[in-house]
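**Q** This is the structure, below, for whatever I ask next.
The values are calculated or read from the model by the stated rules, or taken from the named source; none is laboratory data. Quick caveat: nothing in here was measured; it's all calculated off a predicted structure. Positions of Cβ are generated from backbone atoms using ideal geometry, with glycine treated the same way; all protein chains shown enter the neighbour counts.
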Amino acid sequence: MAKKSTIQTEKVNKHIVEWLKNYADNAKVNGFVIGISGGVDSAVTSTLCAQTGLQVLCVEMPIHQAESQVSRGREHIEQLSKRFSNVLSVKTDLTDTFEAFKASVPTTKDSTKVNLSLANTRARLRMTSLYYLAGIHGLLVAGTGNKVEDFGVGFYTKYGDGGVDLSPIADLMKSDVYALGEFLEIPKSILTAAPTDGLFGDNRTDEDQLGASYDELEWAMLAAESGNTADDFNGREKSVFEIYKRLNTSNKHKMESIPVCLIPKTLK
């Protein structure tokens, strides 16, 4: 099921950079703020933003973060700062804030629900921090979600990493992001690292959580868009397709507009 990207990296790079510049100009802002996770999506997004020549603020926001994620993020920020004079960085350690939140809210015996809710809380604390920094510097919050995450399986936190002003790479599959990352020469340590959201304070990967690799989910997404059903496949392909459909269905609330209860005119 491995998918090789077919995008024209140089042209796609130019297209996204021009789109970012035009959007920022029309919004009359100074540039962009991006949360740096040590993953390929944030590395590619911040590099694209840096090419605009506008102000780019890269933000580290550790919350009991694994050292490997921290070191990859710092390596990228250091490299990007050397390549682009318009790139600045700041570290906002949210560990104490997160611990204070945990101590202030009620809990439950269902540890699975507690752990998931706290994982999403980490993402929402980071979103709040990015918007604070965006506000005081006149910046837009640049999202780092790719197409299979944002519109396939909904693998992000609602009002967390899903809370952004614009999404530069949301029309690119994960394989496309990797291809663009290679073109942009982001650190090898990031390109070869197993994708992880880093929200649980352990070493679980995205694949551990999703039950399938991004290559597999891209295949399933394209298969679903072509009108296939699970009955069209057997073995691992059938299992992956069912995983994709389950996640796509359960996470629709993230991908669609907030439902609005429309009042009939006869009642107004």
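**Q** Of the residues Ala194, Ala142, Ala170, only one is modelled with pLDDT under 95 and touching a helix residue (DSSP H, G or I) at 6+ places or on another chain (Cβ under 8 Å); which? Let's see the steps before the verdict.
**A** Numbers: Ala142 fails: modelled with pLDDT under 95; Ala170 fails: modelled with pLDDT under 95.
That would be Ala194, the only listed residue that is modelled with pLDDT under 95 and touching a helix residue (DSSP H, G or I) at 6+ places or on another chain (Cβ under 8 Å).
**Q** If you take the residues of region 237-257 that are without any contact (Cβ under 8 Å) to a residue 60 or more places away in the chain and charged (D, E, K, R), which of them is farthest from Val148 (Cα to Cα)?
**A** So, considering only residues that are without any contact (Cβ under 8 Å) to a residue 60 or more places away in the chain and charged (D, E, K, R), the one farthest from Val148 (Cα to Cα) is Lys238.
**Q** In region 55-85, which residues are farther than 23 Å from Arg204 by Cβ and surrounded by fewer than 16 Cβ atoms within 10 Å (Cβ to Cβ)?
**A** Residues satisfying the conditions are Glu78, Lys82, Arg83, Ser85.
**Q** Something else: Identify all residues within region 206-243 that are surrounded by fewer than 14 Cβ atoms within 10 Å (Cβ to Cβ) and either in contact with a Leu (Cβ under 6 Å, 6 or more places away or on another chain) or part of a loop (DSSP other than H, G, I, E, B) (or both); write none if there are none.
**A** Ser226, Gly227, Thr229, Asn234 - these are the residues of region 206-243 that are surrounded by fewer than 14 Cβ atoms within 10 Å (Cβ to Cβ) and either in contact with a Leu (Cβ under 6 Å, 6 or more places away or on another chain) or part of a loop (DSSP other than H, G, I, E, B) (or both).
**Q** While we're looking at this one, here's another question. Cβ-Cβ under 7 Å, sequence separation 6+ or interchain: first residue in region 20-37 and assigned to a loop (DSSP other than H, G, I, E, B), partner surrounded by fewer than 16 Cβ atoms within 10 Å (Cβ to Cβ). Which pairs?
**A** Correct list of pairs: Val29/Gly138; Asn30/Gly138.
**Q** If only one of Gly201, Gly152, Gly181 is assigned to a loop (DSSP other than H, G, I, E, B) and small (Gly, Ala, Ser), which one is it?
**A** Just one listed residue meets the conditions, Gly201.
**Q** Quick check, is Ala134 touching an Asp or Glu at 6+ places or on another chain (Cβ under 8 Å), closer than 26 Å to Ala212 by Cα and part of a helix (DSSP H, G or I)? Spell out the reasoning first.
**A** On the way: touching an Asp or Glu at 6+ places or on another chain (Cβ under 8 Å): yes; closer than 26 Å to Ala212 by Cα: no; part of a helix (DSSP H, G or I): yes.
It is false that Ala134 is touching an Asp or Glu at 6+ places or on another chain (Cβ under 8 Å), closer than 26 Å to Ala212 by Cα and part of a helix (DSSP H, G or I).
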